[in-house]
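Asker: Below you'll find the structure I mean.
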Amino acid sequence: MDRIRIRGGNELNGEIPISGAKNAALPLMIASLLTDETLKLRNVPRLVDVAQLQRILRNHGVDTAMSGKRPGENAANGENLNLTAAEIYDTVAPYELVSRMRASFWVLGPLLARCGEAKVSLPGGCAIGTRPVDLFLMAMEKLGAELDVDNGYVISSAKKGLVGNRIVFPKVSVGATHCTLMAATLAKGETIIENAAREPEVGDLADCLVKMGAKIDGIGSSTLQIEGVDRLHGAEHTVLADRIETGTYAMAVAMTGGEVTLTGTKADFLDSFIDVMDQAGVDIVSVDNGLRVKRRGNLINPVSVETRPYPGFPTDLQAQFMALVTMTEGTSSIRETIFENRFMHVQELARLGADIKLRGDTALVHGVRELRGAEVMATDLRASVSLVIAGLVAKGDTILHRVYHLDRGFEELEQKLSNCGADIERLLD
């Protein structure tokens with residue numbers, strides 16, 4: 001199993017290209033199930049999760065064709081992915097596929113909408129919390145589907161098609177919003193989704209669906225109005241820049257010092273994060289080709305923050321922010337309100353010398369003078385990159401195990417960091 005070695009102490013200077021957003025690319029790929037024509041996606045990141053979802057979609061009958069760069073194209077741009085579901089010949093999403101990537105459960109909505117049936121494995125638990133699918137099932141029932149759960153599978157049927165309805169989510173769920181939005185595009189009549197997730201990736205999916213012929217109002221708001229259509233057609237869509245990767249590299253620069261321009265991204269959708277970084281003593285300034293990041297002083301200021309659904313501070317940046325504030329002169333407070341088990345990186349940061357105390361859903365991070373390299377283990381995607389950020393300033397060598405978590409969500413991480421001066425390399429076993 002591969003490992004990553006980091007020798008801390010180097011500033012980061014230069015440019016880091018930001019990839020297409022994984023959290024946008026996955027639902028966009030699943031949207032290909034809604035039409036028999038080709039959906040052409042641009043700026044798709046090269047990630048393990050993207051490759052795995054291609055395998056899942058091919059199981060349903062989707063033809064996928066991935067192409068890379070052509071001469072003269074910007075090397076920072078993602079790949080091009082064409083998906084064609086001319087005929088769906090299998091509406092079963094088996095456990096052995098769904099269990100490898102939770103987002104694959106979202107095929108439930110498009111399969112029901114287009115085929116009138118679906119048998120999808122329950123995804124099971126998750127390292128960062130239980131993340132139940134009850135909101136998905138409630139929404140599909142509101143749209144007229146008959147559901148049964150048997151032997152770990154959701155068996156669903158809507159032989160006469162889905163019918164629009166008013167759906168009120170009792171809490172914000174990005175996944176349930178994605179799934180319901182896709183299903184509603186082919187439902188008869190109007191669907192209103194209230195308390196919908198407002199994440200930019202939901203808006204990106206909605207924009208693509210509109211290009212495919214869907215009728216959607218309220219994009220970007222918590223209330224989505226969808227007027228169902230008889231069919232959707234093919235389209236071409238560019239995946240938006242990854243705001244989580246943007247924030248992650250901004251914190252890496254803040255941690256190490258130096259000055260880096262994050263190219264191919266912009267401040268849109270990052271207001272709450274930029275506000276917190278300003279409090280921490282980090283300047284993030286818009287420039288022509290992206291965002292320039294520089295720490296104002298020698299140390300990061302202690303800051304208190306809590307995660308919230310968009311437009312609040314993202315839970316997907318919580319672990320990275322915890323690493324950033326390990327070396328302040330003071331105490332920072334981080335409250336996690338989205339996932340109940342998303343502090344699994346605390347014990348690994350402690351191995352590097354961090355002083356962190358947990359009190360329920362809150363972590364108190366007491367700043368220390370230095371971190372020291374050690375062997376650490378990634379527990380999930382965002383936790384793994386928090387250990388990279390800490391390792392960039394830790395004295396000596398940090399060896400990160402289970403780097404397959406990183407490969408799920410960060411494209412060419414070692415190369416991007418080493419190009420800016422980091423001493424980092426992958427150790428192949």
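Asker: Just name the residue that is surrounded by the fewest Cβ atoms within 10 Å (Cβ to Cβ) out of those in segment 194-213 that are out of contact with any helix residue (DSSP H, G or I) (no Cβ under 8 Å at 6 or more places or on another chain) and closer than 19 Å to Pro110 by Cβ.
Answerer: Lys211
Asker: May I pose another question? Could you count how many residues in segment 295-346 are of a type outside the set (S, T, N, Q), more than 22 Å from the chain's Cα centre (by Cα) and modelled with pLDDT of 95 or more?
Answerer: The total comes to 8.
Asker: With respect to Gly409, is the statement that it is in contact (Cβ under 8 Å) with a residue 24 or more places away in the chain, of a type in the set (Gly, Ala, Ser) and surrounded by 18 or more Cβ atoms within 10 Å (Cβ to Cβ) true?
Answerer: Here the answer is yes, as Gly409 does meet what is asked.
A quick yes/no check of all residues on (1) within 22 Å of the chain's Cα centre (by Cα); (2) over 18 Å from Met322 (Cβ atoms); (3) polar (S, T, N, Q); (4) in a strand (DSSP E or B):
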{"residue": "Lys357", "(1), (2), (3), (4)": "no, no, no, yes"}
{"residue": "Leu364", "(1), (2), (3), (4)": "no, no, no, yes"}
{"residue": "Ser386", "(1), (2), (3), (4)": "yes, no, yes, no"}
{"residue": "His405", "(1), (2), (3), (4)": "yes, no, no, no"}
{"residue": "Lys416", "(1), (2), (3), (4)": "yes, yes, no, no"}
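Asker: Looking only at segment 1-33, how many residues end up being buried (at least 24 other Cβ atoms within 10 Å of the Cβ) and among the charged types (D, E, K, R)?
Answerer: Of the residues in segment 1-33, 1 are buried (at least 24 other Cβ atoms within 10 Å of the Cβ) and among the charged types (D, E, K, R).
Asker: Tally time: how many residues in segment 341-353 are touching a residue at least 40 places away in the same chain (Cβ under 8 Å) and either surrounded by fewer than 15 Cβ atoms within 10 Å (Cβ to Cβ) or outside any helix (DSSP H, G or I) (or both)?
Answerer: So the count comes out to 6.
Asker: Taking the options Glu411, Glu348, Glu425, name whichever one is under 21 Å from Asn13 (Cα atoms), among the acidic types (Asp, Glu) and in contact with a helix residue (DSSP H, G or I) (Cβ under 7 Å, 6 or more places away or on another chain).
Answerer: Glu425
Asker: OK, next. Could you run through segment 82-124 and say how many residues are under 22 Å from Asp134 (Cβ atoms), in a loop (DSSP other than H, G, I, E, B) and out of contact with any helix residue (DSSP H, G or I) (no Cβ under 8 Å at 6 or more places or on another chain)?
Answerer: 2
Asker: Let me ask another. Checking Gly164 against (1) under 24 Å from Ser221 (Cα atoms); (2) among the small types (Gly, Ala, Ser); (3) in contact with a Pro (Cβ under 9 Å, 6 or more places away or on another chain): exactly one of these is not met. Which one?
Answerer: Exception for Gly164: condition (3).
Asker: Is it true that some residue in segment 168-178 is buried (at least 23 other Cβ atoms within 10 Å of the Cβ), in contact (Cβ under 8 Å) with a residue 60 or more places away in the chain and under 24 Å from Leu270 (Cα atoms)?
Answerer: Looking through segment 168-178, at least one residue is buried (at least 23 other Cβ atoms within 10 Å of the Cβ), in contact (Cβ under 8 Å) with a residue 60 or more places away in the chain and under 24 Å from Leu270 (Cα atoms).
Asker: Kindly indicate which of Ile338, Ile274, Ile284 is of a type in the set (A, V, I, L, M, F, W, C), closer than 25 Å to Gly220 by Cβ, assigned to a loop (DSSP other than H, G, I, E, B) and not assigned by TED's automatic domain parsing to the domain that holds Ile219.
Answerer: Selected residue: Ile338, the only one of Ile338, Ile274, Ile284 that is of a type in the set (A, V, I, L, M, F, W, C), closer than 25 Å to Gly220 by Cβ, assigned to a loop (DSSP other than H, G, I, E, B) and not assigned by TED's automatic domain parsing to the domain that holds Ile219.
Asker: State yes or no: is Pro311 buried (at least 17 other Cβ atoms within 10 Å of the Cβ), assigned by TED's automatic domain parsing to the domain that holds Asp380 and not in a helix (DSSP H, G or I)?
Answerer: When the stated conditions are applied, Pro311 does not pass them.
Asker: From the list Leu81, Leu97, Leu57, Leu12, exactly one residue is free of Cβ contacts under 8 Å to residues at least 60 places away in the same chain and closer than 30 Å to Ser418 by Cα. Which is it?
Answerer: Leu81
Asker: Here is a further query. Residue under question is Thr379, and the condition is that it be of a type outside the set (A, V, I, L, M, F, W, C) and crowded, with 16+ Cβ neighbours inside 10 Å; does it hold?
Answerer: yes
Asker: Within segment 282-308, which residues are among the small types (Gly, Ala, Ser) and crowded, with 17+ Cβ neighbours inside 10 Å?
Answerer: Result: Gly290, single match.
Asker: All but one of (1) surrounded by 18 or more Cβ atoms within 10 Å (Cβ to Cβ); (2) on the phi > 0 side of the Ramachandran plot hold for Gly189; which doesn't?
Answerer: Just one mismatch for Gly189, condition (1).
The values are calculated or read from the model by the stated rules, or taken from the named source; none is laboratory data. Given the structure is predicted, the values throughout are model-derived calculations rather than measurements. Every residue, glycine among them, receives a Cβ derived from its backbone with ideal geometry; neighbour counts consider all protein chains shown.
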